[in-house]
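Remarks on the structure that follows.
The values are calculated or read from the model by the stated rules, or taken from the named source; none is laboratory data. Because the structure is predicted, anything quoted here is derived from the model rather than measured. We work out accessible area using only protein heavy atoms, side chains counted, and drop any ligands, DNA or RNA first. Shrake-Rupley method; radii C 1.70, N 1.55, O 1.52, S 1.80 Å.
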Amino acid sequence: MSTELPPYFFRIRENGAFVFRVDTENRMRRIEMDQIAAVNIRNGEIKPHGDRDLTPEDLAAIADWMRERNETLAQRQIDDILRTVDHLNLTAHWAQTKATDEQLEQISDSLLLAMHDLRSVLTRKKADRLLASQGGAAADDSDD
(Lines give C-alpha, C1' and ligand atoms only; values in the text may rest on other atoms or scores of the structure.)
Protein backbone atom coordinates (compact mmCIF):
# COMPACT_ATOMS: atom_id res chain seq x y z
CA MET A 1 0.00 0.00 0.00
CA SER A 2 1.36 3.43 -0.91
CA THR A 3 2.20 5.88 1.83
CA GLU A 4 0.63 8.85 0.07
CA LEU A 5 -3.13 8.99 -0.31
CA PRO A 6 -4.88 10.56 -3.27
CA PRO A 7 -6.33 14.03 -2.71
CA TYR A 8 -9.88 12.85 -3.56
CA PHE A 9 -11.99 9.81 -2.82
CA PHE A 10 -15.06 8.92 -4.89
CA ARG A 11 -17.64 6.79 -3.11
CA ILE A 12 -19.39 5.16 -6.02
CA ARG A 13 -23.14 4.91 -6.06
CA GLU A 14 -25.52 3.66 -8.72
CA ASN A 15 -25.74 6.88 -10.71
CA GLY A 16 -22.46 8.57 -9.82
CA ALA A 17 -20.51 9.23 -6.66
CA PHE A 18 -20.07 11.28 -3.54
CA VAL A 19 -16.79 13.19 -3.72
CA PHE A 20 -14.60 13.59 -0.66
CA ARG A 21 -11.45 15.62 -0.18
CA VAL A 22 -8.89 13.50 1.68
CA ASP A 23 -6.86 15.20 4.40
CA THR A 24 -4.03 13.70 6.45
CA GLU A 25 -2.39 17.01 7.31
CA ASN A 26 -3.87 17.36 10.77
CA ARG A 27 -2.17 17.13 14.13
CA MET A 28 -3.34 13.57 14.83
CA ARG A 29 -2.30 12.33 11.33
CA ARG A 30 -5.72 10.76 11.02
CA ILE A 31 -7.38 10.40 7.68
CA GLU A 32 -10.21 12.86 7.35
CA MET A 33 -12.61 12.75 4.46
CA ASP A 34 -14.68 15.85 3.89
CA GLN A 35 -17.57 15.49 1.45
CA ILE A 36 -17.39 18.26 -1.12
CA ALA A 37 -19.84 17.22 -3.85
CA ALA A 38 -22.27 14.74 -5.32
CA VAL A 39 -21.86 13.71 -8.95
CA ASN A 40 -24.51 12.33 -11.28
CA ILE A 41 -22.71 10.45 -14.04
CA ARG A 42 -25.85 10.09 -16.19
CA ASN A 43 -26.55 13.79 -16.64
CA GLY A 44 -23.11 15.21 -15.77
CA GLU A 45 -24.43 17.21 -12.84
CA ILE A 46 -21.99 18.21 -10.10
CA LYS A 47 -23.64 19.48 -6.93
CA PRO A 48 -21.42 21.07 -4.28
CA HIS A 49 -22.12 19.67 -0.82
CA GLY A 50 -23.66 22.19 1.53
CA ASP A 51 -22.42 25.75 1.08
CA ARG A 52 -19.13 24.73 -0.52
CA ASP A 53 -17.54 26.41 -3.48
CA LEU A 54 -15.62 23.93 -5.59
CA THR A 55 -12.15 24.99 -6.66
CA PRO A 56 -10.90 24.62 -10.24
CA GLU A 57 -8.76 21.72 -8.96
CA ASP A 58 -11.86 20.06 -7.48
CA LEU A 59 -13.77 20.45 -10.73
CA ALA A 60 -10.84 19.16 -12.80
CA ALA A 61 -10.48 16.07 -10.57
CA ILE A 62 -14.21 15.41 -10.77
CA ALA A 63 -14.23 15.82 -14.56
CA ASP A 64 -11.29 13.40 -14.87
CA TRP A 65 -13.05 10.87 -12.64
CA MET A 66 -16.29 11.18 -14.64
CA ARG A 67 -14.44 10.57 -17.93
CA GLU A 68 -12.57 7.56 -16.50
CA ARG A 69 -15.74 6.18 -14.90
CA ASN A 70 -17.68 6.42 -18.16
CA GLU A 71 -14.85 4.58 -19.95
CA THR A 72 -14.84 1.87 -17.27
CA LEU A 73 -18.61 1.43 -17.45
CA ALA A 74 -18.51 1.22 -21.26
CA GLN A 75 -15.78 -1.45 -21.11
CA ARG A 76 -17.76 -3.42 -18.53
CA GLN A 77 -20.88 -3.26 -20.69
CA ILE A 78 -19.06 -4.73 -23.69
CA ASP A 79 -17.50 -7.40 -21.46
CA ASP A 80 -20.97 -8.31 -20.15
CA ILE A 81 -22.27 -8.65 -23.72
CA LEU A 82 -19.34 -10.87 -24.70
CA ARG A 83 -20.04 -13.01 -21.64
CA THR A 84 -23.63 -13.28 -22.82
CA VAL A 85 -22.38 -14.68 -26.13
CA ASP A 86 -20.38 -17.26 -24.17
CA HIS A 87 -23.45 -18.12 -22.08
CA LEU A 88 -25.56 -18.55 -25.21
CA ASN A 89 -22.97 -20.95 -26.62
CA LEU A 90 -22.84 -22.87 -23.35
CA THR A 91 -26.64 -22.93 -23.23
CA ALA A 92 -26.81 -24.37 -26.76
CA HIS A 93 -24.34 -27.08 -25.80
CA TRP A 94 -26.28 -27.84 -22.60
CA ALA A 95 -29.58 -28.00 -24.50
CA GLN A 96 -28.11 -30.35 -27.08
CA THR A 97 -26.18 -32.66 -24.75
CA LYS A 98 -27.48 -32.56 -21.18
CA ALA A 99 -30.91 -30.96 -20.82
CA THR A 100 -33.88 -33.10 -19.92
CA ASP A 101 -37.25 -32.64 -21.60
CA GLU A 102 -38.58 -31.07 -18.40
CA GLN A 103 -35.71 -28.59 -18.25
CA LEU A 104 -36.16 -27.64 -21.90
CA GLU A 105 -39.89 -27.16 -21.33
CA GLN A 106 -39.10 -24.88 -18.40
CA ILE A 107 -36.79 -22.51 -20.31
CA SER A 108 -37.60 -22.78 -24.01
CA ASP A 109 -40.39 -20.23 -24.38
CA SER A 110 -38.72 -17.44 -22.43
CA LEU A 111 -35.34 -18.07 -24.06
CA LEU A 112 -36.82 -18.24 -27.56
CA LEU A 113 -38.73 -14.98 -27.05
CA ALA A 114 -35.66 -13.21 -25.66
CA MET A 115 -33.52 -14.45 -28.56
CA HIS A 116 -36.21 -13.44 -31.08
CA ASP A 117 -36.36 -9.94 -29.57
CA LEU A 118 -32.56 -9.65 -29.64
CA ARG A 119 -32.40 -10.90 -33.22
CA SER A 120 -35.04 -8.36 -34.29
CA VAL A 121 -33.16 -5.48 -32.68
CA LEU A 122 -29.78 -6.54 -34.06
CA THR A 123 -31.20 -7.10 -37.56
CA ARG A 124 -32.93 -3.70 -37.59
CA LYS A 125 -29.80 -1.91 -36.31
CA LYS A 126 -27.59 -3.66 -38.89
CA ALA A 127 -30.01 -2.69 -41.69
CA ASP A 128 -29.98 0.92 -40.46
CA ARG A 129 -26.17 0.96 -40.51
CA LEU A 130 -26.05 -0.55 -44.01
CA LEU A 131 -28.58 1.96 -45.32
CA ALA A 132 -26.67 4.83 -43.73
CA SER A 133 -23.38 3.68 -45.24
CA GLN A 134 -24.99 3.21 -48.66
CA GLY A 135 -26.68 6.57 -48.41
CA GLY A 136 -23.33 8.19 -47.70
CA ALA A 137 -21.79 6.40 -50.67
CA ALA A 138 -24.72 7.36 -52.91
CA ALA A 139 -24.38 10.98 -51.87
CA ASP A 140 -20.66 10.85 -52.70
CA ASP A 141 -21.42 9.36 -56.15
CA SER A 142 -23.95 12.08 -56.97
CA ASP A 143 -21.26 14.77 -56.74
CA ASP A 144 -19.42 13.39 -59.81
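With the convex hull built on the Cα atoms of the chain, state its orientation-averaged projected area in nm².
The number I arrive at for the chain is 18.1 nm².
In whole percent, and with a 1.4 Å probe on the protein chains, what portion of the accessible area of the chain is carbon and sulfur?
Solvent-exposed carbon and sulfur of the chain make up 53 percent of the total.
Using the Karplus equation 6.51 cos²θ - 1.76 cosθ + 1.60 (θ = phi - 60°), what ³J(HN,Hα) coupling, rounded to whole Hz, does each residue of the stretch 123-134 give in order, writing x for Gly and Pro?
Residue by residue, the stretch 123-134 yields 5, 5, 5, 5, 4, 4, 5, 5, 5, 5, 6, 6 Hz.
Enumerate the calculated ³J(HN,Hα) couplings along the stretch 9-25 in order (Karplus 6.51 cos²θ - 1.76 cosθ + 1.60, θ = phi - 60°), each rounded to whole Hz, writing x wherever the residue is Gly or Pro.
Calculated HN-Hα couplings, in order: 10, 10, 8, 5, 9, 3, 10, x, 6, 9, 9, 10, 8, 9, 9, 10, 8 Hz.
Pairs of alpha-carbon atoms within less than 8 angstrom and 6+ residues apart define the contacts here; what relative contact order does the chain have, in percent?
Relative contact order, the chain: 10 percent.
Any idea of Leu82's accessible area? Nearest 10 Å², probe 1.4 Å.
Answer for Leu82: close to 100 Å² accessible.
Hey, can you find the accessible area per residue of the chain for me, probe 1.4 Å, expressed in square angstrom?
In whole numbers, the chain has 82 Å² accessible per residue.
Enumerate the calculated ³J(HN,Hα) couplings along the stretch 29-39 in order (Karplus 6.51 cos²θ - 1.76 cosθ + 1.60, θ = phi - 60°), each rounded to whole Hz, writing x wherever the residue is Gly or Pro.
Residue by residue, the stretch 29-39 yields 6, 7, 7, 10, 10, 10, 5, 10, 6, 10, 10 Hz.
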